[in-house]
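This report concerns only the one structure given below.
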Amino acid sequence: MAQNILFVAHTDESGTALPKSALDALGAAVEITSQLGATLTIGLLGENLKAAADLITLAGTNVLGVCGEDFAKPRYGSDAAAVEALCRVASPEIVIAPGTSRFLRVLPGVAQRLKGCVDTHLTSLEIVDGALAATRWFYRQRLEAVIQRQARPWVLAMDSGCHQPWSGRATAAKIQMLEVSVPAEAKRTTFSGLRTPASGAQTIRPDAKLLFVAGAGWTKKQADGKTHLAEAESLILGFLRESSASLGGSKSLVDQSGENQAVLGFMTHLNQVGQTGSTPRHPKGLSTCCHGEEPHVVGWRFINERRAINLDPNCGWARGKSDVLYVADAFQVIEKLNSLLAERLKAKAGSATTTR
């Protein structure tokens with residue numbers, strides 16, 4: 001029996017485009033719709049939907065929208081009302097959505113209102129024995145579960161970076177706008193703004209091509225019998241600045257802050273890779289002063305190319321856990337890399353000036 005699938009998304013901070021994770025989830029929705037021979041409906045919410053709808057209207061035949069000032073910013077009361085209205089009009093058996101922070105707060109409540117069920121942090125969708133199955137990780141990324149449910153509607157929130165994003169040319173969209181009234185009690189929460197770190201202090205970059213992971217070795221005594229924390233911080237921040245890489249940290253390093261040991265000032269538990277549920281999905285990874293501990297390596301399962309720098313040729317990374325191991329002093333290697341990257345950027349700047 002043909003099924004109805006609803007893809008639902010919200011606009012990003014600009015108020016006109018869609019977040020990158022929405023295109024990832026849409027790619028999965030289009031693929032599953034084709035495999036099941038189902039009908040795909042697109043549901044959007046935000047203040048202004050025209051540009052976002054034009055971008056993705058080719059992915060589905062019907063586009064539903066809920067727009068207005070009440071839906072411009074994240075708020076549980078208004079967002080839940082909008083998603084519920086989209087679901088009731090589309091009457092889907094399956095609802096697929098990006099796992100954004102905005103939707104993860106809302107989708108469980110919407111599933112409850114619709115007497116359905118919800119699964120979040122999904123990493124893939126596939127057809128098993130003619131039925132839809134969802135995959136996600138449990139127990140700190142050590143157990144992979146394949147989930148199938150009979151309850152409908154089944155609401156599925158996809159993690160970012162887990163599927164090839166949908167792409168297509170923009171075309172004029174015809175949107176069926178829904179009237180959704182938000183009662184006064186649902187407006188008690190107000191959006192005050194976003195707080196983000198200064199660009200120079202930003203170390204977590206989900207879309208970076210490279211993940212740079214620092215281990216506890218950066219804070220240990222070096223060949224001269226002394227620690228060099230200031231130099232380590234300067235080298236690491238310099239590399240992040242020159243390469244635009246994202247920063248990760250091993251568990252042993254970030255735990256030092258709670259053990260009254262010397263730490264890197266910019267390293268927090270938000271940077272930890274392994275044993276936190278974090279699954280970075282950068283194309284390449286470079287591990288430095290890490291010993292290839294199993295929890296750390298497990299956190300790298302979605303990274304395509306793994307390289308490591310360690311003075312110990314018998315470290316964990318050398319035993320089949322990295323594609324390339326550099327047996328060298330990370331301080332010296334990163335210092336040289338920073339110098340080469342700075343020269344390359346300077347040459348590019350000079351070339352651009354000459355061209356003008």
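May I ask for the Rg/Rh ratio of segment 1-98, computed from Cα atoms with Rh as the Kirkwood radius, given to two decimals?
0.95
What's the local net charge at MET158, with K and R +1, D and E -1, over the other residues with C-beta under 13 Å away?
Counting the neighbours of MET158, the net charge comes to -2.
Give me the distance between the Cα centres of segment 23-100 and segment 283-304, rounded to whole Å.
So the separation of the two Cα centres works out to 35 Å.
Find the all-direction average of the projected area of the Cα convex hull for segment 74-130, expressing the result in square nanometres with one decimal place.
4.4
How fast does segment 199-355 diffuse by Stokes-Einstein, in µm²/s, taking the Kirkwood radius from C-alpha pairs at 37 °C and 0.692 mPa s?
Rounded to a whole number, D works out at 205 µm²/s.
Please compute the Cα-Cα pair-distance distribution of the chain with 20 Å bins starting at 0, giving whole percents from short to long.
Result, from short to long distances: 26, 48, 25, 1 percent.
When Rg is the radius of gyration of the Cα atoms in segment 4-187 and Rh is its Kirkwood radius, what does Rg/Rh come to?
Here Rg/Rh amounts to 0.94.
Sort the following peptides by mean Cβ neighbour count (other Cβ atoms within 10 Å, averaged over residues), highest first: 3-9, 238-244.
Most protected by this proxy first, the peptides run 3-9, 238-244.
Measuring from label point to label point, each 7 Å out along Cα→Cβ, what is the ALA133 to VAL324 span in nm?
Taking the simple label geometry, ALA133 and VAL324 are separated by 3.7 nm.
For the chain, what is the mean residue ellipticity at 222 nm derived from helices alone (per DSSP H run of n ≥ 4: -39500 (n - 2.57); sum divided by total residues; nearest 500 deg cm²/dmol)?
The helix-only estimate for the chain comes to -8500 deg cm²/dmol at 222 nm.
Ordered by residue, what ³J(HN,Hα) values in Hz, to whole numbers, does segment 279-284 give under the Karplus form 6.51 cos²θ - 1.76 cosθ + 1.60, where θ = phi - 60° and Gly and Pro are x?
10, x, 10, 7, x, 9
Using every alpha carbon pair in segment 266-344, what percent of pairs falls into each 10 Å bin from 0 up to the bin containing the largest distance?
Values per bin, smallest distances first: 18, 45, 33, 4.
Quick note: the coordinates plus some simple rules give every number you see, no bench work behind them. Here the structure is a predicted model, which is why all the values come from computation and not from measurement. Counting neighbours? That spans all protein chains shown, and the Cβs are built from the backbone with ideal geometry, glycine included.
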